[in-house]
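The values are calculated or read from the model by the stated rules, or taken from the named source; none is laboratory data. Since this is a predicted model, take the numbers as computed values, not measurements. Don't worry about glycine lacking a Cβ; one is built from the backbone with ideal geometry, like all the others, and counts go over all protein chains shown. What goes into the accessible areas is simple: the full protein's heavy atoms, side chains included, and nothing from ligands, DNA or RNA. Shrake-Rupley method; radii C 1.70, N 1.55, O 1.52, S 1.80 Å.
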Protein chains: 2
Amino acid sequence: MKRHVYLDMKSIEEAREIFSRIWVEKKTLPEETPSKEALARVTSEPVFARISAPSYHSAAMDGIAVRAEQTFGTTEKAPKTLRIGRDALWINTGQSLPSGFNAVIMIEKVHQLDDHHLEIRDPAYPWQNIRKVGEDIVATQLLLPQNHRIRPYDMGALISGGVLNIRVWKKPKVAIIPSGSELIHHGALKRPEQLKKDQIIESNSIILSGLILENHGLPEVYDIVPDIEDDIRNALRKAVESDADLIIINAGSSAGTRDYTAEIIKEMGEVLVHGVAMMPGKPTILGVINGKPVVGNPGYIVSAFLSFQEFVRPLLLNLQGLSPPARKLVTVKPSRDIPSRLGIEEFLRVNIGKVGERLIATPLPRAAGSVTTLTRAEGIIPIPALSEGVSQDEEIEAELLVDDEDLMNTLVIIGSHDITIDILGDEIRRGGRNIRVSSGNVGSLGGLMALRKGLCHLSGSHLLDSETGEYNISYIKRYLKGIKVSVFHLVLRDQGLIVAKNNPKGIKGINDLVRDDITFVNRQAGSGTRVLLDYRLEQSGINPDSIRGYNHVEFTHMAVAVDVLSGAADCGMGIFAAAKALDLGFVSMEREQYDLVVPSSMLDNPNIQALLETIRSPGFRKRVEILGGYDPSRSGQLCIELTN
Amino acid sequence: MKRHVYLDMKSIEEAREIFSRIWVEKKTLPEETPSKEALARVTSEPVFARISAPSYHSAAMDGIAVRAEQTFGTTEKAPKTLRIGRDALWINTGQSLPSGFNAVIMIEKVHQLDDHHLEIRDPAYPWQNIRKVGEDIVATQLLLPQNHRIRPYDMGALISGGVLNIRVWKKPKVAIIPSGSELIHHGALKRPEQLKKDQIIESNSIILSGLILENHGLPEVYDIVPDIEDDIRNALRKAVESDADLIIINAGSSAGTRDYTAEIIKEMGEVLVHGVAMMPGKPTILGVINGKPVVGNPGYIVSAFLSFQEFVRPLLLNLQGLSPPARKLVTVKPSRDIPSRLGIEEFLRVNIGKVGERLIATPLPRAAGSVTTLTRAEGIIPIPALSEGVSQDEEIEAELLVDDEDLMNTLVIIGSHDITIDILGDEIRRGGRNIRVSSGNVGSLGGLMALRKGLCHLSGSHLLDSETGEYNISYIKRYLKGIKVSVFHLVLRDQGLIVAKNNPKGIKGINDLVRDDITFVNRQAGSGTRVLLDYRLEQSGINPDSIRGYNHVEFTHMAVAVDVLSGAADCGMGIFAAAKALDLGFVSMEREQYDLVVPSSMLDNPNIQALLETIRSPGFRKRVEILGGYDPSRSGQLCIELTN
């Protein structure tokens, strides 16, 4: 069986340069559109005014129309009386200047003596307070240049200048061909729960359509094409013969056996680039058929998104006479070291929040297939091909995916993760506040370290002191010396063993972990759950080496639950809510205390105030109780203030 | 006749505060929409995943599926042979993991021995290179919080999470009632040239509709209502009874006799604010009828725009759960002193360009009725109510109306204005370049001064040295001492007297200016045209005091031509092209030289290079020739380089 590999991978810049040669001077055709419907369209030629505006002399103020000559010599000491109807006429802003009159005196300077007479105390000079013909627009004047994107007031200028129709570049049409035998159209499912094993709901075409609309193109989504060479060829031929300006064939561009796309493009036209040194996005294909650009977009959603941004977006904008706007960059400090592969440009999705004067970026999972790494990200850090990564002590630029002010309203929580933190983020917003919660899961101890370095607003911690039986306090005293902190209760929660549904292996407690038929999944060192487990193992005199899977670690409760659900492990230690979310079994072990540690200097921060208010609210407590395995009755209570 | 005055004018902040009380907690109703059509909509409730994604284990790499246990012990020195079909199965990214297999080895690590056998040199650990169930999305997980504006990849997350429909806030409906007896609908004119005296094409509703669409609302434009009290009352009643969330009644809000709006709102509901201390925008009315917000928007377009931005926009966004994004502010330096009225916040439209390290703002005309002051502006400077203006030596913040990078591409030309500068700006863009030309008209001498202060990239000048008969050089030597400049020819142009069509008063030359029946309009001191006139008057022995209108000055050729067209003057000195543009008569006097003065240090600036390239192009020269009265045959030639 023949396997393709990316023999000739190009850098992003090289790929873009090669691809742009085929379209750099290309535009869609011009079309005529009514000016009043031209919002956000782009002029294909300069636009000149047909008529002047205003087209007649009119009053620029409310007041009276007069003949200037008649007012000459008027002073404060020698006021002049004017007869209404003969010497002066009432006139309003915008009204036509009556014939024979040549000045307007504003209402505030006119004293009405009686129904028929007015007094003025200043002279008027000719043409004062009058909007003259052509004051705004003169016929033949350039109203809008070529390649100009039309804003609301541009439409006003067009209409005022008598230009009722204008020529604009047609919106580029983009054919999107989703391919993959595993894909199913969302409309084909009566209920999403009917999804069969081996099926994936096709969603890339929806994301690509949204991106195309945002860049003022017109998407046309084709039917899903299975991984059959002839079907792909036919779909591509149909798109080439259509009036599409650009074709995106999604998926089918990896180096797998289903990779017919590159071969078919080569057969019908030319493959310009196959493989780009970017991650995600490596399997991108750039080609051309009959002069029409064709992009083989990778199947993984983050790859498809980045490939679109780097290669399709500039083309789409260029086709309608626009340049891509500058990316919105900010300088961030990573909340931990971020290694990256040499020789490939990596695009890392990150949470970003402002802590003190710094923007702190916390990496999200790297999985190219994870759409939630985009939805949850505030930014993307491009790590250059020639870098091996970024250390915690460096600063680096990130491209923003949200508005600047969203960063001001991002609360950075680093520490032990808990499902109630998601609810917290939602409940804060539910109250109408525009606050986002960014949570970095580095375990309880990692959180305290981050707090010490000023990398977060607060941290979540559930560290048991095995000597005192108390949570968190002794750790804070040891690791946050010199920092005044306030510790607030968040929840008490049930910790235990997450097991398969109905507990088929009959696991009763940690003594079962040493059984030969049991595979365990652990949490990372430094996490509160790991501290708790190790403490209980020690108490029970169990040697960790006797547990199969003790060294296989995950970083969140949900990851542990997913391992159990998938059969990768028989059990793992975690919270009840994670087991319940995936409909798994649970063997309860303890009720532990999960606290929020806040530097006291941050207590004035209105976002922190909003957070405390939220966790004290009945709404939050009710939702936490529904999750199961939580006791939120003391949520938000000040546990202790430590002046280390 | 009763005249309204703004007895109780509020500051912008006060007005907003009073108005927002009636809507601050108000939202439109939620409605259900298909997720794939939800782009840019706003969630009205949090959205949770219905299914997990992926819903089955699949390969995360192209390669082979194996049983991990079978690979244990494999090393570089002890490779292992696997039989295809039994020990290993080819698998592609995204394919379902075959039953009984639990790891994937990537293609690059597999060596094919023959058609039936493969060799591996590393062991696989269980679940390596496998996308596990729920890796991206776990059923019940929070996908999007409430009040979240949906981006393309958010739609992907919704579809992947099995959420095919979501609840969003309805788009707010806005009823727009244009009022004014002088207004005519653009559709009522077969050709815009048919516009009658006293008629204005109604365009504010089009601008407001565009602004509403940009803020995700749904505009509904009512028929134009004449200034008849009952008609306005009926239109307003219809809007109040409709499903509109908000009503804008445009115009009819000045203190003129047509001002029925405030009275009618008071009669049907409550006027909260009448008159705001802002300019333009003072006559704004804010009211409420049956709980429905009603905004009386001023008739002048810039007033209407600013009133919309300050009062309607926050309401529109709030109704759909959004906060207004922060305004994009930049620090600018005015190119001249800008006085402003105390006690009122003034919004000044400005051109902004980057000269050296500074952003230079040049004020555009203040006229509230001039839509082109918006279309031509790069920014708006709000001058606070408590300030009497900004001096040339201060810095002040401006709100940007364009993208940052547009400022980098704005060429600032300050000096004498010429119609060819407009064409220049257009021709540069016609070539596909994204360069804007900002031109400040302060006369030739003012331009040289601005150049000396580093306030512009180049200046346009046509200063005649009456002793040498040469243009510009002696002035540059005197005023730009110490600055190395290059002087480029732009055009030779016909200067003369602009007179009414067919020259009814038979004006033959400057000797006629002293005639009793002739009113003249002059240019401002420091302008090249004024220098030329004064030189010719002196040559002819004419005393300026004997010319009627000598002290009435305008700042541009077109302004002079408009004065002649309007009858405000019988003639004025200016260029042929201005007379031709308005179909006026012209008495030629001379062919003068108009040059561009560029600091030699700026010659490397690619925008300057583009400008020089453009004025040397046949396209530019041809268009200039069509204007008439110009000789562009030496355009772009280096006239002289002066190392002062």
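If you filter the range B:410-434 down to residues that are under 28 Å from B:L329 (Cβ atoms) and in contact with a strand residue (DSSP E or B) (Cβ under 6 Å, 6 or more places away or on another chain), you find that the one that is nearest to the other protein chains (Cβ to nearest Cβ) is B:G425.
Among the numbered conditions (1) more than 7 Å from chain A (Cβ to nearest Cβ); (2) of a type in the set (A, V, I, L, M, F, W, C); (3) in contact with a strand residue (DSSP E or B) (Cβ under 7 Å, 6 or more places away or on another chain), the only one that B:L195 does not meet is (1). Does A:V521 qualify as being of a type in the set (A, V, I, L, M) and touching a His at 6+ places or on another chain (Cβ under 7 Å)? Taking the combined requirement at face value, the residue satisfies it. For the range B:606-635, the tally of residues that are in a loop (DSSP other than H, G, I, E, B), open to solvent by less than 40 Å² (accessible area, probe 1.4 Å) and on the phi < 0 side of the Ramachandran plot stands at 3. Restricting the range A:382-401 to residues that are part of a loop (DSSP other than H, G, I, E, B) and without any contact (Cβ under 8 Å) to a residue 40 or more places away in the chain, the residue that is nearest to the other protein chains (Cβ to nearest Cβ) is A:L401. On the given criteria, is B:E202 at pLDDT below 95 and within 13 Å of another protein chain (Cβ to nearest Cβ)? The answer is yes for B:E202.
When the range B:281-290 is filtered for residues that are open to solvent by 10 Å² or more (accessible area, probe 1.4 Å) and closer than 19 Å to B:I380 by Cα, only B:K282 remains.
For the range B:344-402, the candidate set comprises residues that are over 19 Å from the mean Cα position of the chain (by Cα) and among the hydroxyl-bearing types (S, T, Y); within that set, the residue that is nearest to A:H148 (Cα to Cα) is B:S391.
Determine which member of the set A:V553, A:V560, A:V587, A:V564 is β-branched (V, I, T) and open to solvent by 40 Å² or more (accessible area, probe 1.4 Å). Step by step, each of A:V553, A:V560, A:V587, A:V564 is checked, and only A:V553 is β-branched (V, I, T) and open to solvent by 40 Å² or more (accessible area, probe 1.4 Å).
The residues on offer are A:A326, A:A304, and the sole one that is within 21 Å of A:A15 (Cβ to Cβ), touching a helix residue (DSSP H, G or I) at 6+ places or on another chain (Cβ under 7 Å) and open to solvent by 30 Å² or more (accessible area, probe 1.4 Å) is A:A326. Quick one: in the range A:157-186, which of the residues that are of a type in the set (G, A, S) and assigned to a loop (DSSP other than H, G, I, E, B) is nearest to the other protein chains (Cβ to nearest Cβ)? It comes out as A:G162.
If you go through the range A:298-342 and keep only what is away from chain B (no Cβ under 14 Å) and farther than 20 Å from A:K173 by Cα, you end up with A:T331, A:V332, A:K333, A:P334, A:S335, A:R336, A:D337, A:I338, A:P339, A:S340, A:L342.
Yes/no matrix, rows are residues, columns are (1) under 30 Å from B:G321 (Cα atoms); (2) open to solvent by less than 10 Å² (accessible area, probe 1.4 Å):
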position: B:F101; (1), (2): no, no
position: B:V104; (1), (2): no, yes
position: B:E119; (1), (2): no, no
position: B:N129; (1), (2): no, no
position: B:E135; (1), (2): no, no
position: B:Q146; (1), (2): yes, no
position: B:R149; (1), (2): yes, no
position: B:G161; (1), (2): yes, yes
position: B:L164; (1), (2): yes, no
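Results for (1) open to solvent by less than 20 Å² (accessible area, probe 1.4 Å); (2) farther than 25 Å from B:V288 by Cα; (3) touching a strand residue (DSSP E or B) at 6+ places or on another chain (Cβ under 6 Å); (4) at pLDDT below 95, shown as yes or no for each residue.
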{"residue": "B:M1", "(1), (2), (3), (4)": "no, yes, no, yes"}
{"residue": "B:E32", "(1), (2), (3), (4)": "no, yes, yes, no"}
{"residue": "B:A53", "(1), (2), (3), (4)": "yes, yes, yes, yes"}
{"residue": "B:Y56", "(1), (2), (3), (4)": "yes, yes, yes, yes"}
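The requirement of being away from chain B (no Cβ under 14 Å), under 17 Å from B:P126 (Cα atoms) and touching a helix residue (DSSP H, G or I) at 6+ places or on another chain (Cβ under 8 Å) is fulfilled somewhere in the range A:540-547, by at least one residue.
The combined condition, being touching a strand residue (DSSP E or B) at 6+ places or on another chain (Cβ under 8 Å), modelled with pLDDT under 90 and surrounded by 16 or more Cβ atoms within 10 Å (Cβ to Cβ), is fulfilled by B:D406.
Determine whether the range A:103-110 contains at least one residue that is more than 44 Å from the chain's Cα centre (by Cα) and of a type outside the set (A, V, I, L, M). The answer is yes; a qualifying residue exists. For the range B:145-157, a residue qualifies if it is out of contact with any Asp or Glu (no Cβ under 6 Å at 6 or more places or on another chain) and more than 16 Å from A:G369 (Cβ to Cβ), and the qualifying residues are B:N147, B:H148, B:R149, B:I150, B:R151, B:P152, B:D154, B:M155.
Selection within the range B:116-147: residues that are over 58 Å from the mean Cα position of the chain (by Cα) and of a type in the set (D, E, K, R). The member of this set that is modelled with the lowest pLDDT is B:D122. Under 7 Å by Cβ, and 6 or more places apart or on different chains, what pairs join a residue from the range B:316-327 that is modelled with pLDDT under 90 with one that is buried (at least 18 other Cβ atoms within 10 Å of the Cβ) and of a type in the set (A, V, I, L, M)? Listed pairs, sorted by first residue: B:G321/B:V42; B:L322/B:V42; B:S323/B:L317; B:P324/B:L317.
Here B:S335 qualifies as in contact with a Cys (Cβ under 8 Å, 6 or more places away or on another chain) and either under 23 Å from B:I396 (Cα atoms) or in contact (Cβ under 8 Å) with a residue 40 or more places away in the chain (or both).
Residues considered: A:A40, A:A65. Of these, the only one that is surrounded by 14 or more Cβ atoms within 10 Å (Cβ to Cβ), in contact (Cβ under 8 Å) with a residue 12 or more places away in the chain and farther than 24 Å from B:R429 by Cβ is A:A65. Quick one: is B:V295 open to solvent by 10 Å² or more (accessible area, probe 1.4 Å) and away from chain A (no Cβ under 11 Å)? Considered against the rule, which asks whether it is open to solvent by 10 Å² or more (accessible area, probe 1.4 Å) and away from chain A (no Cβ under 11 Å), B:V295 comes out as no. Answer yes if at least one residue in the range A:169-189 is of a type outside the set (K, R), within 18 Å of A:R41 (Cα to Cα) and open to solvent by 20 Å² or more (accessible area, probe 1.4 Å), and no otherwise. Checked the range A:169-189: at least one residue is of a type outside the set (K, R), within 18 Å of A:R41 (Cα to Cα) and open to solvent by 20 Å² or more (accessible area, probe 1.4 Å).
Name every residue in the range B:331-345 that is surrounded by fewer than 22 Cβ atoms within 10 Å (Cβ to Cβ) and at pLDDT 95 or above, in order of residue number. Listed by number, the list holds a single entry, B:T331.
Condition check ((1) in contact with a strand residue (DSSP E or B) (Cβ under 8 Å, 6 or more places away or on another chain); (2) of a type outside the set (S, T, Y)) across all residues:
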{"site": "A:V437", "(1), (2)": "yes, yes"}
{"site": "A:G440", "(1), (2)": "yes, yes"}
{"site": "A:A450", "(1), (2)": "yes, yes"}
{"site": "A:G469", "(1), (2)": "no, yes"}
{"site": "A:Y475", "(1), (2)": "yes, no"}
